[in-house]
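See below for the structure under consideration.
Values quoted throughout were computed directly from the atomic coordinates according to the rules given, and no laboratory measurement underlies them. Please read all numbers here as calculations on a predicted model, not as lab measurements. We place every Cβ from the backbone using ideal geometry, glycine too, and count neighbours over all the protein chains shown.
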Amino acid sequence: MTALCDRLPLWVRLRCGLEPRTLAALVVVLVVGVILAGHHFWSGRPGTVKAPENVGAEAVLPEAPAQAPPLPPPSLSASPSLSARVVVDVSGKVRRPGVLRLPAGARVADALRAAGGAKPGTDLTGLNRARVLMDGEQVLVGGPAPPGAPGAQGAGVGAGTADGAQAAARPVSLNAATPEQLDTLPGVGPVLAQHIIDYRGRHGGFRSVDELREVNGIGERRFADLQSLVRP
């Protein structure tokens with residue numbers, strides 16, 4: 001180091017006023033700085049980067065959530081059909097006479113309640129309040145029933161023999177008669193009476209007496225016996 005200092009020009013040594021130790025320390029610092037700069041340059045050089053591997057075709061994709069099956073459309077509530085109700089005409093000695101719509105299977109007692117009940121003092125002896133109502137029939141309370149109508153058998157109680165014979169001679173209405181009234185016809189029992197009522201319900205009533213031939217169980221001979229005793 002002393003030799004290096006001796007090689008420096010004199011003016012440099014005089015101007016800097018460096019002692020040999022100071023110059024040696026300066027040289028060491030310069031050498032360390034050069035080493036650090038070289039190391040920094042070497043570590044900062046661009047390096048080779050390995051490209052990522054391609055994703056294979058068999059890569060598992062995230063499974064889509066299973067869709068819930070579509071719900072069936074809400075079923076519309078079915079409106080009550082015409083067959084679910086019966087329309088009857090309640091007249092006579094009741095508080096609110098008129099045409100009533102009652103559930104199918106309703107009885108005469110239900111029709112009386114819907115009409116406000118019978119008026120005080122009305123005789124209901126001849127009225128079968130347990131009878132099932134038929135669509136389109138008339139319920140007459142406390143008065144003479146029309147020919148073949150429900151309650152016709154109870155009408156005329158206490159009347160003379162001539163009135164009873166006249167009532168018996170009246171034809172029975174196929175559209176308004178009860179099973180009990182049809183059962184009184186010659187050759188008609190409970191089963192055949194029910195067949196007549198079933199036919200009446202399916203076809204909306206009898207339009208003529210000739211339709212009686214189409215009822216199950218009625219042949220030509222029986223029709224000939226009933227033809228003059230019934231009416232539509």
- Message: Between Gln194 and Lys93, what's the calculated FRET efficiency when r is the beta-carbon distance and R0 is 35 Å? Round to 0.05.
- Response: 0.70
- Which of rounded, prolate, oblate describes segment 178-228, given a ≥ b ≥ c as roots of the alpha-carbon gyration tensor eigenvalues and a/c under 1.5 marking rounded, otherwise prolate only if a/b is larger than b/c? oblate
- Note on the structure: Nearest-0.05 FRET efficiency for Thr122 and Ala84 at R0 = 41 Å, using Cβ-Cβ distance, is 0.85
- Task: Please list 174-184, 31-41, 109-119 highest first by mean number of surrounding beta-carbon atoms within 10 Å per residue.
- Result: 174-184, 109-119, 31-41
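Taking 8 Å as the Cα distance limit and 6 or more residues as the minimum spacing, I'd like the relative contact order of segment 169-216 as a percentage.
33
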- For Gly117, list long-range residues whose amide hydrogen, built 1.01 Å from N in the peptide plane, is under 5 Å from its own amide hydrogen. Arg95, Arg96
